[in-house]
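The structure under discussion appears below in the form of structure tokens.
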Amino acid sequence: MKKILVGNWKMNLVSLEAESFFASMPINREITIGIAAPATLLRGLRDHADRLGILLGAQNMHENKAGPYTGEISAAHLLDAGADFVILGHSERRVLFHETNDQVEKKVESAVVEGLSFVLCVGETREQDEEGVGDEVVTHQIRSALSSLTEPNLKGAMVAYEPVWAIGAGQPATADQIEEKHQLIRDELIKLFGEEGKNVPILYGGSVNADNLEEILQIPNVDGALVGGASLDPQTFNEMIEITGESS
Ligand code: PGA
């Protein structure tokens, strides 16, 4: 499996900034690169993404295909705008916008039906970690989001382990913590999908930067990284592309 580097721009960068970012990005075919951009930028970035051979993603979508949901965007809209994938269940959606496991499951189903790849984000909060229920929380998030899928639907599916307490914190989880949770997620994927569960990439996210990426990519069952803050600066992101390429 090629190593994967996905940038999550969150609610940052406007079109001119995004285009100059893409203009500076190197072509690297040794790894899989993705950028999850604000939905309004997708169409304008599509040609650049094709030239670079990278995946273009969105950061959220509504679970229904169409209807009276003012302000919402569906999988069909994202595909129409040029997205290859969508991030689902990011903790900022779960915490700030009260997204439930039930909704995340419906979004996963809708993405699969429409043929949109997805990165399912899971991870425990600081309180859940302190209460010792982190493993249960992550297992439940995985099971509820993916249990209705069958093996053929797994094509294009990725999971990102993002401990909520490590996001934007400046300090990632320790190598031991990452290894333990990635093993838990891998075991769960194998329980759900048998051999095919071994092929679902598991990314780590939470304060990944150019200084810690190399070490994180060496951890067993870490197939790549989902990067927030450090993906906003083109120079830093290009450095991370190089590091990921060297770790492949
Ligand atoms: P961070 O964000 O890299 O800024 O910690 C990661 C994420 O939220 O996906």
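The values are calculated or read from the model by the stated rules, or taken from the named source; none is laboratory data. On a predicted model such as this, the values are computed, not experimentally measured, just so you know. So basically every Cβ, Gly included, is an ideal-geometry build from the backbone, and we count neighbours across all protein chains shown. We work out accessible area using only protein heavy atoms, side chains counted, and drop any ligands, DNA or RNA first. Shrake-Rupley method; radii C 1.70, N 1.55, O 1.52, S 1.80 Å.
Yes/no matrix, rows are residues, columns are (1) free of Cβ contacts under 8 Å to residues at least 24 places away in the same chain; (2) under 16 Å from Ile243 (Cβ atoms); (3) more than 20 Å from the chain's Cα centre (by Cα):
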residue: Ala18; (1), (2), (3): no, no, no
residue: Glu30; (1), (2), (3): no, yes, no
residue: Ile33; (1), (2), (3): no, yes, no
residue: Ala36; (1), (2), (3): no, no, no
residue: Asp47; (1), (2), (3): yes, no, yes
**Q.** Positions within the stretch 217-241 being closer than 30 Å to Glu151 by Cβ and open to solvent by less than 10 Å² (accessible area, probe 1.4 Å), in sequence order
**A.** Leu217, Val222, Gly224, Ala225, Leu226, Val227
Q: Just one of (1) away from the ligand (no atom under 16 Å from the Cβ); (2) part of a loop (DSSP other than H, G, I, E, B); (3) modelled with pLDDT of 95 or more trips up Ser148, so point out which.
A: (3)
Q. Given Ser117, Ser91, Ser74, which one is hydroxyl-bearing (Ser, Thr, Tyr), in contact with a His (Cβ under 9 Å, 6 or more places away or on another chain) and open to solvent by less than 80 Å² (accessible area, probe 1.4 Å)?
A. Ser74
